[in-house]
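Have a look at the structure below before the remarks.
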């Protein structure tokens, strides 16, 4: 474990008073608190260091040990005992580095302490765990993009997340992906990812719930005499028989040709077709005569 | 999404906080409480927000006015982040189809 200068973290002199430590802690905690810096990993780490520094420096006993032993302050009592034993051994004429006892400069002790401090136990467990921040993302899609289930890659806080967008998702709908938010601090759980869908209107198809509505032009002769017409639906072309006569603005329903029902496989709404009967813009002499004859019948 | 109510008193016991703290937050419109047969409840969807306000109060000694201001600024930050992400995703979408 690297030596961390707690005084430097809190921008304090070694002679700082308890009041100065308290003020410095509050100043830096306000600056780097995870709740005030959402989605900021750097601030999160900094806040942990500030907490750690405050925990040690605000306690006179811990501070005294830290000033004396630095990173090994938590084992100050053991180190004191070792030093005492070493002094006794030296006064008896023995070699402190030769036998099984070992001194402070020996490699065994360094490794021992590193393993004690490096495992994330001890101090980190004393701090309360923080749940990671929730992330949110907004996806803009076209209406026909959500006619079928598909996958899409999102960039959330610099990371690529591949998600499945189920067919039939509605405009404004939110979905939650648990655990895809920011990682927690101090063994806290990760946050969640909330995705909201913004679905653009389609120039032709208007969606109302799971039903689709369209307007189709119908020429005068087909409207009066009946016939056939091919129309486009999201699932492909459909040939329709037009009954004679078909009134302007009348509506035809095509069952099951609407929008897929969200998370219900093979269930679809209906497609409503409103007929816009188009009159001829100009008539030939012959047509005019025939219409006149018709009007007198 | 979950939409469960939990008694405010349970939250207060668990977090060792006075019930007046939650009432004050509700008075400021920062959290929403629901009273059913004289018992006050909060929605579980509001829990993380409530815990955040509690941390701001306990860790940083921020008073209610401060929490109100911070909450407003965080909301603005959140909206801007959402807008930025949305624009990034929209840009990626158009890059993919080009």
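We did not get these values from a lab; they are worked out from the coordinates using the rules stated. Because the structure is a prediction, the values reported are computed rather than measured. Virtual Cβ from ideal backbone geometry, glycine too; neighbours counted across all protein chains shown.
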Ranked by Cβ crowding within 10 angstrom, fewest neighbours first, how are B:4, A:155 ordered?
B:4, A:155
What shape does segment B:1-49 take by its C-alpha gyration tensor, where a ≥ b ≥ c are the square roots of the eigenvalues and a/c under 1.5 counts as rounded, a/b above b/c as prolate, and the rest as oblate?
rounded
Which percent, to the nearest 5, of DSSP beta bridges fully inside the protein assembly as shown are antiparallel?
70
With Cα atoms, 0 to 90° folded angle of helix B:47-60 axis to chain B main axis
80
If contacts are Cα pairs under 8 angstrom and at least 6 residues apart, what is the relative contact order of chain B in percent?
24
In percent, how large is the relative contact order of segment A:135-200, given Cα pairs closer than 8 Å and 6 or more residues apart?
41
Among B:94, A:25, rank each residue by its count of other Cβ atoms within 10 Å, from fewest to most, as a rough exposure measure.
B:94, A:25
Just to verify a number: FRET efficiency for residue A:59 and residue A:31, C-beta to C-beta distance, R0 = 25 Å, to 0.05?
0.65
Exposure proxy check on B:65, A:170: fewest-to-most Cβ neighbours within 10 Å is B:65, A:170
Directionally averaged shadow of the protein assembly as shown, computed from the convex hull of its alpha-carbon atoms, nm²:
34.7
